[in-house]
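Contents: one structure, followed by commentary.
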Amino acid sequence: MRGDMLKRELQAYAKEIGIDEFRVTTADPFLVMKQRLIEQQEKGYASGFEEPDLERRTTPALLLEDAVSIIAIAVAYPSKLKDAPRGKEGERRGIFGRSSWGLDYHQALKQRLTLLEEKIQELSPGARSRSMVDTGELVDRAVAERAGIGFSGKNCSIISEEHGSYLYLGELITDQYLPPDEPVEELCGSCNKCLDACPTDALIEPGVIDAKRCISFITQTKTLIPEHFRYALGNRLYGCDTCQQVCPYNRKKNATQHSELQPDPEQVKPLLIPLLSLSNREFKSRFGSLSGAWRGKKPIQRNAVCALVHYQDRTALDALRLMAETDQREDMRALAIWAVGRIAGQEAEDYIQKRLLTDSAEDVQVEGNRLLEEWGSGHAV
């Protein structure tokens, strides 16, 4: 089948299976992105979650022999939480970022890409292809940008005039020729709302992000984080939408056409205190369908502790003291002690002194003694 005919057939089929944007680019190397990645690594801006091999991240032919074309797809996801539960004193809630609402997008997009691969086989027997979503080697944004899904905004998101930036991205490399689409014009203009709104100044300059300062990245780490970042989390349990929320292209954008991506309000805006005592089994049962569960319960629990400090929720003190005394994880005990001190203030001085005499773990000693020194209490040990 001729390339133009094959493309038309696939475009029509893509709509049938719930793909909102279907574009094509060549399988040529992504040389501009390669240079950006080199500079990102040199400046220490990379998160560490990425594929380390820059050649594989930017050379499609290394991922599929005889690669000719790349299909870029996008699926729009919702931005508004209908019937959202309201938090109140004693019942404070955290929030999962919009990219973690509904079914894990890796599954949702992989299902669609698998159907596309099968359709290519049906229309062009013997065709070879390889698809990926997020965790693959290629940079999803680079593929989407070159294929014309949208332009790369100053907040480093792909922005579509029709759908905004609330888009899940995926791609399919094939050895079949498909006529490529053209990139679209960058349309941020003089707007700097995303740079001005970033809570941690992670957007260093337009189109440049220090991933290690980005709250979305920070919420996914598993270790203790510097205190100023703990405050910056607010009530976020996973992800951060600030730079997208302020983007003019996202005004009034709320995709409701994909039922499996619609959020369960109680799941994505859960009560904070119950999170502190969840077992692994309970966590997987309740949150396992979300993409935000990929790092396990620990980051979510750590972020929940920070959120309780954000709210200054004194009703959480019993749960936090229990965590400080019984949790098997040294860093979580340390964080709980910090939280008790930040919520109760100096009235927690005696309690923290006793914990430092009982718990010799390094993280616990560091967090506790920093509070005591701040209060002028000196070292406990």
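Throughout, read-outs are computed from the coordinates displayed, never taken from laboratory work. Only a predicted model underlies this, so the values are computations on that prediction, with no experimental measurement involved. Virtual Cβ from ideal backbone geometry, glycine too; neighbours counted across all protein chains shown.
When the square roots of the Cα gyration tensor eigenvalues are ordered a ≥ b ≥ c, the ratio a/c for the stretch 312-381 is 1.5 or more and a/b does not exceed b/c, which makes its shape oblate.
Across the options 219, 351, 158, the greatest Cα extent toward the positive end of the charge dipole of the chain (unit charges at beta carbon of Lys, Arg, Asp, Glu) belongs to 351. For the listed peptides 262-271, 133-142, a ranking on the average number of other beta carbons within 10 Å per residue, highest first, reads 133-142, 262-271.
Going toward the positive end of the dipole of the chain, with +1 on Lys and Arg Cβ and -1 on Asp and Glu Cβ, which of 148, 115, 44 do you reach last? Value: 115. Between residue 325 and residue 80, the FRET efficiency from the beta-carbon distance, with R0 = 41 Å, is close to 0.50. For residue 238, the residues whose amide H sits under 5 Å from its own are 95, 97, ignoring neighbours fewer than 5 places away on the same chain, with H placed 1.01 Å from N. Proximity of backbone amide H atoms, modeled 1.01 Å from N, is registered between residue 264 and 102 at under 5 Å, excluding neighbours fewer than 5 places apart on the same chain. Calculate, in nm to one decimal, what residue 260 and residue 284 gain on full extension: separation in residues at 0.36 nm each, minus their alpha carbon distance. Separation in residues times 0.36 nm, less the Cα-Cα distance, equals 6.8 nm. For the pair residue 271 and residue 161, label points projected 7 Å from Cα toward Cβ lie 4.8 nm apart.
Sparsely packed loop sites in the stretch 164-226 (the GluC sites (Glu not before Pro) outside DSSP H, G, I, E and B with at most 14 other Cβ atoms within 10 Å) comprise 185.
Going by the alpha-carbon gyration tensor, a ≥ b ≥ c the square roots of its eigenvalues, is the chain rounded (a/c under 1.5) or, if a/c is not under 1.5, prolate (a/b greater than b/c) versus oblate? It comes out prolate by the Cα gyration axes. Amide H contacts for residue 204 (H built 1.01 Å from N in the peptide plane; partners 5 or more residues away or on another chain; cut-off under 5 Å): 209, 210.
Rounded to the nearest 20, the Cβ-based charge dipole of the chain about its Cα centre (Lys and Arg +1, Asp and Glu -1) stands at 920 debye.
Computed 3J(HN,Hα) for the stretch 89-100, one whole-Hz value per residue from the Karplus formula 6.51 cos²θ - 1.76 cosθ + 1.60 where θ = phi - 60°, is 4, x, 9, 6, 10, x, 9, 8, x, 4, 5, 10, glycine and proline marked x. Remark on the chain: 156, 188, 191, 198, 214, 240, 247, 306 stand apart, with no other cysteine beta carbon under 4.7 Å.
Remark: the residue 204-residue 5 segment gains 67.2 nm on full extension, using 0.36 nm per residue and subtracting the alpha carbon distance. Residues of the stretch 55-86 falling in the label zone of residue 135, defined by backbone nitrogen less than 18 Å from a point 7 Å along Cα to beta-carbon, are 57.
A straight Cα-to-Cα reach below 22 Å connects residue 253 with the lysines 15, 80, 82, 154, 193, 269, residues fewer than 8 places away in its own chain not being considered. Have a look at 320, 377, 334 and report the one farthest towards the positive end of the charge dipole of the stretch 312-381, computed about the Cα centre with Cβ charges (Lys/Arg +1, Asp/Glu -1). The Cα lying farthest towards the positive end belongs to 320.
Contour minus end-to-end for residue 312 and residue 377, with contour as 0.36 nm per residue of separation and end-to-end as the Cα-Cα distance?
Extending this stretch completely gives an extra 21.2 nm.
Quick check for you: which residues of the stretch 216-243 have the amide N under 20 Å from the point 7 Å beyond the Cα of residue 192 toward its beta carbon? Counting only backbone N, you get 242-243. Extending 7 Å from the Cα toward the beta-carbon at both residue 65 and residue 222 defines two label points whose distance is 3.7 nm. First check a/c for the stretch 15-119, with a ≥ b ≥ c the square roots of the eigenvalues of its C-alpha gyration tensor; if it is under 1.5, answer rounded, and if not, answer prolate when a/b is larger than b/c or oblate otherwise. Oblate.
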